[in-house]
Each structure stands twice: as C-alpha cells, then as structure tokens.
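A short write-up of the structure that comes next.
The values are calculated or read from the model by the stated rules, or taken from the named source; none is laboratory data. Keep in mind it's a predicted model, so treat the numbers as computed, not measured. Note: ideal-geometry Cβ built from the backbone for every residue, glycine included; neighbour counts use all protein chains shown.
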Amino acid sequence: MCYNPAMLGYMDESGEPGVANHDNDYLVVSLVVFESQDVADKCSAGIERLRTRLNLPLNYEFKISRNSNKVKTAFIALMVNLDFRIITVSIRKNDFKKTASYKRIAEHIANEIELNCPGIRILQDRNPILYKELETLFKKSKSGISIKIANSHSNNLLQLADYITGLSAKKVKGTAKALKHYKPFIKKQIYFGEISI
C-alpha cells in the first residue's frame with residue numbers, strides 16, 4: 001500500500017504474552033484502519049447514534065467481553081456497514097518452553113503494519129509495554145508511522161477496535177459460531193495472519 005499520512009489506526013489486543021497455558025493459547029492484535037480523519041469521524045458519529053438508539057448513557061463503553069447480547073448484536077450489525085479495514089496478527093503460543101516476549105511480538109506486528117500502512121497514525125488502547133516496543137520499532141524504521149496510547153473508555157474507535165479484536169480472537173479458535181460472526185468482516189481485511197512463536 002502507498003504511503004498515506006492521512007490514514008488513522010486504532011489498535012487493541014486480546015490475550016496476554018507469556019508461556020502458553022495450553023496448545024490453543026493465542027495473543028491477537030488488531031488494527032482498525034481508516035483512510036482519513038473524515039472517514040473516522042463518520043464512524044465515530046455512527047457509534048454515538050447507536051448509543052442514542054439503544055438509550056445508553058453518553059459515557060457507555062462498547063466492550064465485547066462485557067456488553068449484553070442485545071448490545072453486542074446491535075454493535076456488530078453497525079460495524080458491518082462502517083467504512084474501515086482490518087489488520088490482524090494472531091500469535092499462537094504453542095511452545096510451553098518459551099516465553100512470548102513483547103519485543104518479539106511487537107516485531108511481527110510492526111512488520112505487517114509497515115508493509116501495509118506506511119505513514120499511518122495509530123492510537124493504541126492502554127498497554128504501556130507493547131506500546132513502548134512498537135514506538136521504538138517505528139522510530140527506527142523509515143515508514144513514517146507514529147503511535148500514541150489512549151483510553152478506550154472515552155474513544156469510540158478504540159471501542160470498535162476492541163470488538164474487532166474480540167471477534168478475531170474467537171475466529172482463530174475456529175468455532176462455527178465465531179466464524180459466522182466474523183464472516184461479514186472478511187471483505188474488510190487487509191491482512192489476517194497466524195504466527196507460531
């Protein structure tokens with residue numbers, strides 16, 4: 001993809017690095033990509049309208065692991081019609097003898113972002129260790145990528161990233177229900193890859 005400093009990205013993760021607990025243990029990181037600030041603003045406005053339609057408080061946080069089935073169904077239906085793309089890196093921690101360090105994980109993630117979205121400006125949900133590793137890698141590269149950390153509670157588009165990451169995490173585990181929920185988002189994929197470390 002061509003260098004585009006107008007692109008915006010919102011990143012979240014599901015799972016934790018460390019020694020695998022079982023042979024189906026994953027860390028999933030997803031980046032939701034918008035072509036411009038205008039496109040991102042329209043998506044954020046759509047999420048605000050959904051809060052109003054569902055009679056939710058203005059500060060209600062859309063979070064896939066906590067929301068009711070009614071809210072999840074409505075939010076996923078909204079996401080299908082929003083204009084964004086997705087990069088997901090799924091890291092399978094299938095070696096009980098190794099620790100999946102943030103540095104090694106960050107290198108895999110940074111490589112895919114640099115390849116597909118040079119120049120993008122990223123907001124990442126709170127994870128200071130992963131953030132620091134990615135910030136260091138992006139500064140060393142010549143991709144023009146910048147990254148900052150933010151709180152998802154007050155950011156609609158990080159909440160969108162949370163849902164995409166949650167759906168992606170379920171997809172990699174391969175249940176029929178998860179694959180059905182993720183299917184509408186396949187067309188939004190820039191990259192979806194699984195890595196064993």
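Miscellaneous remarks
- Segments classed as helices (runs of 4 or more DSSP H), wholly inside segment 4-117, with at least 1 members that are under 27 Å from SER143 (Cα atoms), modelled with pLDDT of 95 or more and over 17 Å from the mean Cα position of the chain (by Cα): 37-53
- Segment 133-162, residues that are loosely packed, with under 15 Cβ neighbours inside 10 Å and assigned to a helix (DSSP H, G or I): THR136, LYS139, LYS140, HIS153, SER154
- Test result for THR165, buried (at least 18 other Cβ atoms within 10 Å of the Cβ), out of contact with any helix residue (DSSP H, G or I) (no Cβ under 8 Å at 6 or more places or on another chain) and at pLDDT 90 or above: yes
- For ASP125, the conditions (1) within 25 Å of PRO5 (Cα to Cα); (2) without any contact (Cβ under 8 Å) to a residue 24 or more places away in the chain all hold with the exception of (2).
Conditions (1) closer than 19 Å to VAL39 by Cα; (2) not hydrophobic (A, V, I, L, M, F, W, C), marked per residue:
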| residue | (1), (2) |
| --- | --- |
| LYS142 | no, yes |
| ALA150 | no, no |
| SER154 | yes, yes |
| ILE164 | yes, no |
| GLY174 | no, yes |
| ALA178 | no, no |
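- Looking only at residues of segment 168-197 that are not in a helix (DSSP H, G or I) and not hydroxyl-bearing (Ser, Thr, Tyr), we find that the one that is surrounded by the fewest Cβ atoms within 10 Å (Cβ to Cβ) is GLY174.
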